[in-house]
Number of protein chains: 2
Amino acid sequence: MADAASPKTDSSKYPMPFTRIEVVLMTLVDGNLAVLLARRAQAPYAGKWALPGGVLRIDLDGSLEEAAARVVRERLATDLPDLKQLCAVGGPTRDPRAPWGLSIVYRALSLSGSTLPTAGKRIEELRWAPVESLAKGISLAFDHNTLVARATDAMREDVEEHDLPYGLLPAHFTLTELQQTCEAVLGHALDKSSFRRRLNDRDLLEPVDGEKRGGAFRPAQLYQRRARLRSLR
Amino acid sequence: MADAASPKTDSSKYPMPFTRIEVVLMTLVDGNLAVLLARRAQAPYAGKWALPGGVLRIDLDGSLEEAAARVVRERLATDLPDLKQLCAVGGPTRDPRAPWGLSIVYRALSLSGSTLPTAGKRIEELRWAPVESLAKGISLAFDHNTLVARATDAMREDVEEHDLPYGLLPAHFTLTELQQTCEAVLGHALDKSSFRRRLNDRDLLEPVDGEKRGGAFRPAQLYQRRARLRSLR
DNA sequence: TCAAAAGTGTTGCTTGTACACCCATGT
DNA sequence: ACATGGGTGTACAAGCAACACTTTTGA
């Protein structure tokens, strides 16, 4: 247990890591999974693209989740629900600005096809980049390529185990839209019949009263996420 | 991105959290899942039980994983393989010694029925406590009850999705031992035939050449974990 | 009436559970 | 021989993939 020897000096006895929050925000762009990147204006890595993030502010943040929410608000001028902690990474060479860099990484989803968030405090430029392009080739600042890869894996695992990416869809959506969204995330096609029966069997959705939508063909029923009623699994 | 305005002062501009590693070490005691607790000698929470842990030392640790390994070595005088990161938690009221406490929590397994690790640096006394007893009633120092609960959940999820708890077993074990171990973790019985067919179908194990073991009845074949050959899933 | 997308039914495979049964061994 | 735990086979149900099919609409 801790170093409880000298109660007052405990928290200042050792130098602490430069602690940041990083955010992997994902969306679909033209049916491809993409992450939000911010371009760095200053050194280190000036001109390079990196994940949006910010320093943990112990004077402002009541928890890591609050810190992540604040970072999103300050950098992207928006509020994101369902921020999920991905992992924590740390080491002496992660950030040239400090002798030891620690990042707590969060991930979140943004409505597919939505406009780019407004660049907030200290952000030069924002851009959606397909995860594909990051996996091979394009290199990000710091160890952010690794973080994006881990977030992508986590995202796919979620969908594979039927944790649907509602964050990518509007409140009301058609079953085909939902299926196409899942297919885009997973990177392969799904069977329509199986997909729908799964949804049906699990009571995940409910039809939105009377609403539909049209093209030059039969309109589709709109659905919304069903309120999860205290279930455990 | 970050505060890249004043390159040199970045890492010292804001006070950083008191950053620690905590370890949830689990084993089976008489067929019950138990966690290793250490008794606190000094304030805060003097006399209370808590998870073993230690301060992150940026002068010693090359990564969070190394930090966790070091903490285990110093506190428990042992080396543990397969330390898994569980989560990071932080907040201003987590640790009375500091204005803001951040902990990166790792979990690991210890051979069932093994002796208590030797109490290392600054450890007063060690004890295995059934997770059952912690879930209801017994309260630990800091927010460690929460952390144990999360580790227990993660442990059960692992086994449910067929990630076998080899860490609880010796290198060579019988199928019945393995099954009983899984049953103890999950808290309910499993079907012998199903359990074995699953293992068989997935080529997870291999028999250990010619070895067996006896009681007053038919001896059982010993098995070991099969070397995973680069497979993805 | 035709194209296009919505929506349904049927079959078969795979996985897992329940349960019954045989096998080997020391006393 | 028999009790005890090791080990196996069969039957049934659930979940999912593949694929064929019907329905509804606007042009």
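The values are calculated or read from the model by the stated rules, or taken from the named source; none is laboratory data. Only a predicted model underlies this, so the values are computations on that prediction, with no experimental measurement involved. All Cβ positions, even for glycine, are placed from backbone atoms using ideal geometry, and neighbour counts span all protein chains on display.
How many residues are among the polar types (S, T, N, Q) and crowded, with 20+ Cβ neighbours inside 10 Å if we restrict to the stretch A:100-134? Before you say what the answer is, go through the steps one by one.
Quick first cut of the stretch A:100-134, residues among the polar types (S, T, N, Q) only: A:103, A:110, A:112, A:114-115, A:118, A:133.
Those still in the list that are crowded, with 20+ Cβ neighbours inside 10 Å too: A:103, A:110, A:112.
The qualifying residues number 3.
Out of B:Ala151, B:Ala171, B:Ala141, which single residue is away from chain A (no Cβ under 14 Å), more than 14 Å from DNA strand C (Cβ to nearest atom), modelled with pLDDT of 95 or more and touching a strand residue (DSSP E or B) at 6+ places or on another chain (Cβ under 8 Å)? Steps first, please.
Numbers: B:Ala171 fails: modelled with pLDDT of 95 or more; B:Ala141 fails: away from chain A (no Cβ under 14 Å).
Testing whether each residue is away from chain A (no Cβ under 14 Å), more than 14 Å from DNA strand C (Cβ to nearest atom), modelled with pLDDT of 95 or more and touching a strand residue (DSSP E or B) at 6+ places or on another chain (Cβ under 8 Å) leaves just B:Ala151.
Could you tell me which residue of the stretch B:177-212 is farthest from DNA strand D (Cβ to nearest atom), considering only residues that are closer than 24 Å to B:Ala151 by Cα and in a loop (DSSP other than H, G, I, E, B)?
B:Gly187
Can you tell me which of (1) surrounded by 11 or more Cβ atoms within 10 Å (Cβ to Cβ); (2) away from every other protein chain (no Cβ under 14 Å); (3) within 11 Å of DNA strand D (Cβ to nearest atom) is the one A:His162 doesn't meet?
Here A:His162 clears every test but (2).
I'd like the full set of residues that are surrounded by 18 or more Cβ atoms within 10 Å (Cβ to Cβ) and modelled with pLDDT of 95 or more, limited to the stretch B:58-79.
If we filter the stretch B:58-79 for residues that are surrounded by 18 or more Cβ atoms within 10 Å (Cβ to Cβ), which is where we start, we get B:58, B:61, B:64-65, B:67-69, B:71-72, B:75-76.
Correct list: B:Ile58, B:Asp61, B:Leu64, B:Glu65, B:Ala67, B:Ala68, B:Ala69, B:Val71, B:Val72.
If A:Ala189 passes every condition in (1) crowded, with 18+ Cβ neighbours inside 10 Å; (2) more than 14 Å from every other protein chain (Cβ to nearest Cβ) but one, which one does it miss?
For A:Ala189, the failing item is (1).
Which strands (runs of 3 or more DSSP E) does the stretch A:29-91 wholly contain that include 2 or more residues that are away from chain B (no Cβ under 11 Å)?
Values: elements: A:32-39, A:53-55, A:84-91.
Strands (runs of 3 or more DSSP E) meeting the threshold: A:32-39.
Are there any pairs, at least 6 apart or on different chains, whose C-beta atoms fall under 7 Å, with the first in the stretch A:208-220 and in contact (Cβ under 8 Å) with a residue 40 or more places away in the chain and assigned by TED's automatic domain parsing to the domain that holds A:Thr176 and the second more than 12 Å from DNA strand D (Cβ to nearest atom) and hydroxyl-bearing (Ser, Thr, Tyr), and if so, which?
If the second residue must be more than 12 Å from DNA strand D (Cβ to nearest atom) and hydroxyl-bearing (Ser, Thr, Tyr), the pairs left are A:Ala220/A:Thr174; A:Ala220/A:Thr176.
Search the stretch B:33-55 for residues being touching a Lys or Arg at 6+ places or on another chain (Cβ under 6 Å) and of a type in the set (A, V, I, L, M), and hand back the single one that is surrounded by the most Cβ atoms within 10 Å (Cβ to Cβ).
Per the stated criteria, the residue is B:Leu37.
Does any residue of the stretch B:81-99 turn out to be crowded, with 23+ Cβ neighbours inside 10 Å, basic (Lys, Arg) and within 30 Å of B:Phe173 (Cβ to Cβ)?
No - not one qualifying residue is present in the stretch B:81-99.
Rundown of residues vs (1) in the same structural domain as A:Arg202 (by TED's automatic domain parsing); (2) over 14 Å from A:Val35 (Cβ atoms); (3) more than 16 Å from DNA strand D (Cβ to nearest atom), yes/no style:
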{"site": "A:Val105", "(1), (2), (3)": "no, no, yes"}
{"site": "A:Gly120", "(1), (2), (3)": "no, yes, yes"}
{"site": "A:Ile138", "(1), (2), (3)": "no, no, yes"}
{"site": "A:Leu175", "(1), (2), (3)": "yes, yes, no"}
